[in-house]
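The values are calculated or read from the model by the stated rules, or taken from the named source; none is laboratory data. Computed from a prediction, not measured in an experiment: that's the story for all the values here. Counting neighbours? That spans all protein chains shown, and the Cβs are built from the backbone with ideal geometry, glycine included. Areas reflect the complete protein model, heavy atoms only, side chains present, ligands, DNA and RNA absent. Shrake-Rupley method; radii C 1.70, N 1.55, O 1.52, S 1.80 Å.
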Amino acid sequence: MKQDQRQSPSRVVIYGAGSAGELVVEGLSRLKEPSLIAVAFVDDDPSRAGGTLHGLPIECASGSIRAIVEKYKADRVLIAIPSAPGRRIREIHKKLFDEGVLAWIVPGVYSIVSSNEPITTFREIKPEDFLRRHPRVLDKGRIRPFLRGQRVLVTGAAGTIGMELAGQLAAFDLEALGCADQSEYGIYRLKEIFSAEGTTAPTRHFFLADLSRESDVQAIFDEFRPTVVFHAAAYKHVRLLESAPRAAILNNIGSTYHLVQFALQRDVRAFVHISTDKAIQPVSVMGATKRAGEIVVQAAQVVDPARKFLSVRFGNVLGSSGSVFPKFVEQIERGGPVTVSDPGARRYFMLTSEAVELVLWSAAVGSGGKIYLLDLGEPVYITELVNDLMRFMGRRPGRDIEIVYTGLEPGEKLLEDFSDVSAKQIDEHLLEVESDLPSPDTVESTVAVLMNSAVEGDMMSALLALQDLVPEYNPDFVQEKR
């Protein structure tokens, strides 16, 4: 967001005497009424200290930043380091917070710097800046032909991932976009968001439906006639689903099965199942049901090799509904304590926009029958994330707010470990997981037992069938029953 130019210009020290810093100075020099005045640079490279850039002095960042800010009578620091990963941004933010220095950041710096255009847009630091990764340049030219003229259905469209999918898909040359969700308020809100945009292309259709019911799925296919399906609808809360396995089975497996069956019967050329890193060697009901969904999708590829049925796995999405991030924010706002399962717990986090971009990329360049794992970057310690959030919200970790460790719940891991996953890198964005295609007949019969048992409420039989479908899922109570 551009700063209000009616305010008095702020004096800023630019953190990063590189190409982005130069573009900031150049951009500010072109403004008739600049909101910022750059007065100095600060850089991590001590060899640059004492030099100048664009006539401005360069100071070393190893010492006190506050002393530099006071020396040049600056109001704040502007971070402009395109090569810095999220961990470095967190370190800089911590140092500035501890010294009581206000900061802004250059948003979208990767694309801005690559275009070599002057920079005039800045904003406050956001928590998602702590997850910055190295630049990804996706070739939209590979995605456009895949989507052009298609009737695209997004399930779970009112959820965090589904809504972002619908938004990004609307920018492509589709014939029509269908949005399905079981949340009445969610569909209403999605329609309002699209209406507020003031555009009607592509033609949009909205469906309030329970996709675990075959009749609801059939009604959507009869009316909308999709040619591409992005299946994002799922229950995903690990702890909650451990105590509600029936709901997890009916929704996560049942909806996938019904959608796949109608996709095979109708003119669907591509089916993309949104999965999770928790499907890898699953220890939770949630992970096992998502792994079962992957198997259902793979079996469809065997039934019709001419189509494209694939799954895409990614980690936790920062700020998504049901994720830990909003809970932590709420606990911090209340004054604590903040509850974390274990001091060693780590998770892979992604930004919503980044996850969806890579889903679209997987759909365009991926092959049928495959499972793709998105580049998840480095795992983040949950405790570090909480401490970052506290500082971001103006609290001092360990002094203003306490962290209470509650212990891992059933179905939780310290880390979603990929070390035992056999996969090959197909490009700089994706890993292709090596997995044998299942027998469609075996999948068909096992899913029938699984779903019938769940519908009838016979959960032990349902969980035994789930373990038959997903052999790597080995909960103790299932083993005791066998």
query: Taking a probe of 1.4 angstrom, what is the accessible area of residue 276 in Å², to the nearest 10?
result: 10 Å²
- prompt: What is the extension gain from residue 405 to residue 11, computed as 0.36 nm multiplied by their sequence separation minus the C-alpha to C-alpha distance, in nm to one decimal?
  reply: 137.6 nm
- request: Could you tell me how many degrees, from 0 to 90 and to the nearest 10, lie between the Cα long axis of helix 214-224 and the main elongation axis, the longest principal axis, of the Cα atoms of the chain?
  value: 60 degrees
- prompt: Using the alpha-carbon atoms, what tilt in degrees (0 to 90, nearest 10) does helix 160-169 show relative to the longest principal axis of the chain?
  reply: 80 degrees
- line: Once both label points are put 7 Å beyond Cα along the C-beta direction, the residue 330-residue 214 separation in nm becomes 3.8 nm
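Show me the three semi-axes of the equivalent ellipsoid for the range 342-442, from the C-alpha gyration tensor (sqrt of 5 times each eigenvalue), largest first, rounded to whole Å.
Values: eigenvalues 245, 66, 23 Å².
Result for the range 342-442: semi-axes of 35, 18, 11 Å.
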field: Area accessible to solvent at residue 243, 1.4 Å probe radius, in Å²
entry: 90 Å²
message: Suppose each label sits 7 Å from its Cα in the direction of the beta carbon; what would the residue 384-residue 240 distance come out to in nanometres?
response: 2.9 nm
- line: Once 258, 54, 429 are ranked on solvent-accessible area with the largest value leading and a 1.4 Å probe, the list reads 54, 258, 429
query: Stretched out fully, how many nm does the piece from residue 99 to residue 188 gain, at 0.36 nm a residue minus the Cα gap?
result: 27.5 nm
- prompt: So if we plug the beta-carbon distance of residue 428 and residue 175 into 1/(1 + (r/R0)^6) with R0 = 41 Å, what FRET efficiency do we get, rounded to 0.05?
  reply: 0.85
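Loop only by DSSP, 16 or fewer other Cβ within 10 Å of the Cβ. Give me the trypsin sites (Lys or Arg not before Pro) in the range 352-452 that pass, ordered by residue number.
Taking the range 352-452 and a limit of 16 other Cβ atoms within 10 Å, the loop trypsin sites (Lys or Arg not before Pro) found are 399.
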In Å², nearest 10: area of residue 267 left accessible to a 1.4 Å probe: 120 Å²
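Tell me the GluC sites (Glu not before Pro) within the range 157-263 that lie in a loop according to DSSP and have at most 15 other beta-carbon atoms within 10 Å.
The qualifying sites are 175.
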- line: Once the dipole of the chain is set up from charges on Cβ (+1 Lys and Arg, -1 Asp and Glu), the residue from the list 282, 449, 49 lying farthest towards its positive end is 49
- request: Give the value in nm², to one decimal: projected area of the alpha carbon convex hull of the range 238-286, averaged over all directions.
  value: 3.8 nm²
field: Solvent-accessible area, 1.4 Å probe, carbon plus sulfur percent, for the chain
entry: 48 percent
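How much accessible area per residue does the range 349-450 have, counting only protein heavy atoms and a probe of 1.4 Å, in square angstrom? Before the final figure, lay out each step's value.
On the way: 4590 Å² over 102 residues.
Per-residue value: 45 Å².
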- prompt: In the range 387-475, which GluC sites (Glu not before Pro) fall in coil by DSSP and have 14 or fewer other Cβ atoms within 10 Å?
  reply: 402, 428, 434, 472
- request: Looking at the chain, send over the antiparallel percent of its DSSP beta bridges, to the nearest 5.
  value: 20 percent
field: Cα pair count fraction exceeding 26 Å, expressed as % - the range 137-261
entry: 22 percent
message: On a 1.4 Å probe surface of the protein chains, which of 179, 60 comes out largest in accessible area, and what is the full order?
response: 60, 179
- request: In whole angstrom, note down how far apart the Cα centers of the range 74-95 and the range 140-171 are.
  value: 33 Å
query: Relative to the longest principal Cα axis of the chain, at what angle does helix 324-333 sit, 0 to 90 degrees, rounded to 10?
result: 50 degrees
- request: Using every pair of alpha-carbon atoms in the chain, split the distances into 10 Å bins beginning at 0 and state the percent of pairs per bin, rounded to integers.
  value: 4, 18, 25, 24, 16, 9, 3, 0
message: Strictly over 32 Å apart at the Cα level, which of 278/327; 327/424; 191/308 would you flag in this model?
response: 327/424
task: Per DSSP H run of at least 4 residues, take -39500 (n - 2.57); add these up for the chain, divide by its residues and hand me the 222 nm value, nearest 500 deg cm²/dmol.
output: -12000 deg cm²/dmol
message: Assuming 0.36 nm per residue, please report the length gained on full extension of the stretch residue 435 to residue 31 beyond their Cα-Cα distance.
response: 139.8 nm
